[in-house]
Every structure is written in structure tokens, then in C-alpha cells.
Amino acid sequence: MRKFLLLAVACAAAIAPSSHAQQYPSKPIRFIVPFPPGGGTDTNSRALTQRIAKNTGWVFVIDNKPGAGGNIGADAAAKSPPDGYTLVMGQTSNLAINPFLYANPPFDALKDLEPVALVSSVPLVIVASGKSPYRSMADVIAAAKAKPDSITFASPGNGTVGHLAGELIMRIAGVKLVHVPYRGAGPALTDLLGGQVDLYLSTPQAVAGHIKGGALQAIAVSSARRVAALPQVPTLGESKLKGAETSAWYGVLAPAKTPAEIVSRLNTEILKALGAPEVREALTGEGGEVLGGTPAQFAAFLGSEQAKWSKVVKESGIKLD
């Protein structure tokens, strides 16, 4: 995905903006964040829009609309006028997982939203207590095969990326672990540290201090490449779990049928912002990766992610109302 940014910059340079796009925007842009302030989606959104505003003078109004795993905010964007004055920061859960978890999703991510640009991705790190006998994924798999349903893994909740990543690992490894859902990352981490659960799938930033202090040990990262913040920790692929790679990713979308020239202009400004050092620093602080890319590349990526997660959801039998 690192190729996305370079390809998109080349494409943007070859396309002259129309007069319509040059006059855009003439009023503030509503930027919907489908999660509460302070989380990864909110952090990505504010870092990005602040830099675009600095580059262009555009005015953004951040609108945090949490609820239903991100469905409420994304649905509000999908049902807004397609004029370029409403955008949304989508991510893995509400665009690629929720459509298959919920019986009646309020919008179709592929039909009702227009991809503008991928922004970043953040890997997960599989951690265990510093006192745990599980020092590698090989240890976990061997123990799970010897005694099925004996190893527990925590997640911030049913249907989260951490939950589904665990389900994917089980499918690839051919083992059965016991999922323990929590109401948020804090309680899950507390119980992991206390020894109530065996494993937890977390973002690197949330557990880096505990790993450094020895309270936790990192046994694998879910990215395709090793994480700079945890260079000694092998990937799932290196742990003989190729195909289990997972990340929490973020991307900007507009309502479907937003004029192509406006989508192109937005894409150009997003890519410029992603090249700024302070934005890159903000987006990679969790061991993440800046993405970028064209709208077409984002659309293709979203389709592949939906295909991946729909299979995981179906095979796991998870359903939410």
C-alpha cells in the first residue's frame, strides 16, 4: 500500500482541475467522525483536516457522531447531499465488518459512499502477560491444539477489529480460542495484566509502556511487515500464519454521486496533507503507516476488505442486532 501515495501524486499532477473544482469550497466542510473524541478515528481526522486547512484556508467543522459501531456517523454522511460539503472518516469496522455483522445495516458502504482517499493503517499486536508461558504464536497454537478452548483472548468488544482478528487467526491456525469481549480497551487490558485472560489484541501504543516495563510481552504483530516501534516482534506471517494479516485502517469518503472533479480535488489536498511531517508523525505514532492513493485504489481496497471480513464473520457465526 506504500505505492498508493506515489501513484496518486503522479496521477494528480497529470490532471488539470476543472473550474468547478477550483471554486470549491465556498463554505465550511462538515467532517463527520463516527466515534467519540480522543480515539484513533478522531485523531486521524483532526490531524488531517488541520493540515488541509493550513494548506488551503478551507474551514472544516468536526462533527463527532458515535454509535452502533460507527454506523450512525457513516449513515449520516451517506444520506447527505453529494455536493462535497459533507465528508466522513470511515474505517475497518463500519465499512468492512459492520455490513456483515448487522442484520439490517442502514447504508451500503460500496453503493452509498464515494471513496476519496485512504489515510492510514494501524496494526494490532498480540500480547500476553509477562509471566505467561506463551512466548510465541507457536506456543499458543501448540497449547490450543493440545487442549481446545483452554486459551482466552480479550477484545474491546464484540465485532471489533480485535475480535475479528482473533477469529481470523483461529481459522488460519485451525485452533479454537475462547473470546472474552469487554466494554472498551481499558477493562480488557486491566484483566490481561491481572491474569484473568491469556491474550489481548491491541494497538501498539496502548501497550508499548507495559511491554517496555516487562508487565506484558508482545508475541506477534498483525501487519505484513514488522513494526518500527517493536522491531523485535515477528509478524503473523513469520509465525507461520500467512493470511492472518490485519490492520485497523482509516479513509475519507463522501456521499455517493459527489462530482468527480470535487473528489479529485479533495484527494489531491489529502495527499498533500499526508506528506506533511507533523501529519505523518501523528498518524504513525501507534506504529501505523501512512497510505494515500487514488479514489479507485481505495474502492478496490474496500471491496477486498469486505470480501475478507464477510468470510470471517460468516464462518465465526457472529451477528449483532
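Beta bridges per DSSP, both residues in segment 125-221: antiparallel share near 60 percent. The long axis of helix 185-194 is offset from the longest Cα principal axis of the chain by roughly 20 degrees. Give me the tail of P(r) for segment 125-221 as a percent: Cα-Cα pairs with distance above 19 Å. Here the long-distance tail beyond 19 Å is 32 percent of all Cα pairs in segment 125-221. Each peptide in 290-302, 158-170, 236-248 was scored by the mean count of other Cβ atoms within 10 Å over its residues; highest first, the order is 158-170, 290-302, 236-248. Axis angle, to the nearest 10 degrees, between helix 3-14 and the longest C-alpha principal axis of the chain: 0 degrees. Over all other residues within a Cβ to Cβ distance under 14 Å of VAL312, the charged ones net out to +1, with Lys and Arg as +1 and Asp and Glu as -1. Residues of segment 58-85 with the amide nitrogen closer than 14 Å to a label point 7 Å from the Cα of ARG183, along Cα-to-Cβ, please. No residue passes the distance filter. Note on LYS212 and ILE62: the extension gain reaches 50.5 nm, defined as 0.36 nm multiplied by sequence separation minus the Cα-Cα distance.
In this Cβ point-charge picture (+1 for Lys and Arg, -1 for Asp and Glu), segment 125-221 has a dipole of about 120 debye about its Cα centre. Taking θ as phi - 60° and the Karplus parameters 6.51, -1.76 and 1.60, the scalar couplings of segment 146-163 work out to 5, 9, x, 6, 9, 10, 9, 10, 9, 9, x, x, 4, x, 6, 4, x, 5 Hz in sequence order, x denoting glycine and proline.
Considering only VAL161, HIS210, SER136, and ranking their Cα positions along the charge dipole of segment 125-221 that arises from unit charges at the beta-carbon of Lys, Arg, Asp and Glu, the one farthest toward the positive end is SER136. Amide H contacts for ILE32 (H built 1.01 Å from N in the peptide plane; partners 5 or more residues away or on another chain; cut-off under 5 Å): ASP63, LEU87, VAL88, MET89. Other residues within the sphere of radius under 11 Å centred on the Cβ of TYR85, judged by their own Cβ, net out at +1 (K and R +1, D and E -1).
In order along segment 307-321, the phi-based Karplus estimate (6.51 cos²θ - 1.76 cosθ + 1.60, θ = phi - 60°) of 3J(HN,Hα) comes to 4, 5, 6, 4, 5, 5, 4, 4, 6, 7, x, 7, 9, 10, 7 Hz; Gly and Pro are listed as x.
Rg of the Cα atoms in the chain, relative to 2.2 N^0.38 Å, amounts to 1.01. Ellipticity at 222 nm from helices only: DSSP H runs of n ≥ 4 in the chain, each -39500 (n - 2.57), divided by the residue count, give -12500 deg cm²/dmol. Selection among ALA188, VAL227, SER45 by position relative to the dipole of the chain gives VAL227 as farthest towards the positive end (Cβ unit charges, Cα centre).
Rounded to the nearest 20, the size of the Cβ-charge dipole of the chain about its Cα centre is 440 debye, with Lys and Arg at +1 and Asp and Glu at -1.
Only the coordinates and a few stated rules stand behind these numbers; no lab work does. Worth saying up front: this structure is predicted, and the values here are computed from it rather than measured. We place every Cβ from the backbone using ideal geometry, glycine too, and count neighbours over all the protein chains shown.
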